[in-house]
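Derivation of every value follows stated rules applied to the coordinates shown; laboratory data play no part. As the structure is a computational prediction, the values presented were derived from the model and not from experiment. Cβ sites come from the backbone with ideal geometry, for glycine too, and all protein chains shown count toward neighbours.
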Ligand code: CP
Ligand code: NVA
């Protein structure tokens, strides 16, 4: 085992900013390798006999299924735990939950609202904690996204990714992940929906070190010109349902449609973390068109999650 692999054992996966560029590239290579093995039908029981607990206080299709199937393919077992089933739902503390689950499990994946809750869980757990999405970040998504970009484009460094829409959890993780691997990331959003200033600042610091740029603008045309990757996500995230109508108005001009796609590079690829609200942030024509990488991107969640689990929990 090399030093990079050793250094990842037992770690939490809470934000891509906590990992070095080399560690992220190692995880991407491992994800590619596991994907190739699966396609060849070679078994890869790297987590035989191990168990992952998956806590969800928000809905999920991709994250849940990719972690659960991924664990199965690695020879382990995954437990689906909702807050309604756990004593967490009737007031047991996060710290006690972390201490107890650490006695049974080999890793915990959690999807929830407050990012701080994930940090608290990790602080009290003695096993790796993986962030499966918070209001602040979605790092497993960004890792799979970078894997998909590398697969479609052959490389990542120096490419331009433009994210159109809300400066949300997915945007934040793309900024951190992009900054780490040398991808220029521009967020094009309406006024008032910019990414958090402290995330922008930190991502810029990381980007400066890695020779790339992070930009935020309200000018969608300017942001899209020269883009190699166009990315979008829903206008109202989980937990913002009551703002949906107000947001529909605010984001009207920030739709990823054919007209916008034409302004990017001719070979630009289209991404969306899914689930999509077709006809709102993206049109059918674009998401189902030849430039769409959206379903490869969804598939790569499986391979990226397996790499994360194998590296941290192996
Ligand atoms: N992209 C994503 O995380 O999808 P789910 O909400 O279905 O897990
Ligand atoms: N920004 C979205 C991503 C869903 C995968 C949300 O948080 O609901």
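Just a few scattered comments:
- Relative contact order computed over region 61-205 (Cα-Cα under 8 Å; 6+ residues apart), in percent: 15 percent
- Modelled this way, with points 7 Å down the Cα-to-C-beta line, the labels at residue 219 and residue 100 are 5.6 nm from one another.
- Sorting 162-168, 205-211 by average packing, meaning the other beta carbons within 10 Å per residue, from highest down gives 162-168, 205-211.
- Ordering of 215-222, 12-19 by burial proxy (mean other Cβ atoms within 10 Å per residue, highest first): 12-19, 215-222
- Extending 7 Å from the Cα toward the beta-carbon at both residue 284 and residue 72 defines two label points whose distance is 3.2 nm.
- In terms of its alpha-carbon gyration tensor, region 48-111 comes out oblate; a/c meets the 1.5 threshold, while b/c is at least as large as a/b.
- Gyration tensor over alpha-carbon atoms, region 112-186, equivalent ellipsoid semi-axes in Å: 26, 14, 9
- Linear extension gain, residue 21 paired with residue 82, 0.36 nm per residue minus alpha-carbon span: 18.6 nm
- The sum of -39500 (n - 2.57) across all DSSP H runs of n ≥ 4, divided by the residue count of the chain, sets its helix-only mean residue ellipticity at 222 nm to -14000 deg cm²/dmol.
- Overall form of region 259-304 per C-alpha gyration tensor (a/c, 1.5; a/b vs b/c): oblate
- Relative to the longest principal axis of the Cα atoms of the chain, the long axis of helix 21-40 lies at roughly 80 degrees.
- Three-way shape label, region 166-314, alpha-carbon gyration tensor, a/c 1.5: rounded
- Spin-label model distance (nm) - residue 3 vs residue 238, 7 Å beyond Cα toward Cβ: 3.9 nm
- Between helix 62-73 and the chain: long-axis angle, C-alpha atoms, 0 to 90°, nearest 10: 40 degrees
- The long axis of helix 197-210 is offset from the longest Cα principal axis of the chain by roughly 90 degrees.
- Highest average first, the peptides 294-305, 109-120 ordered by how many other beta carbon atoms sit within 10 Å of their residues are 294-305, 109-120.
- Dividing the alpha-carbon radius of gyration of the chain by the rule-of-thumb value 2.2 N^0.38 Å gives 0.96.
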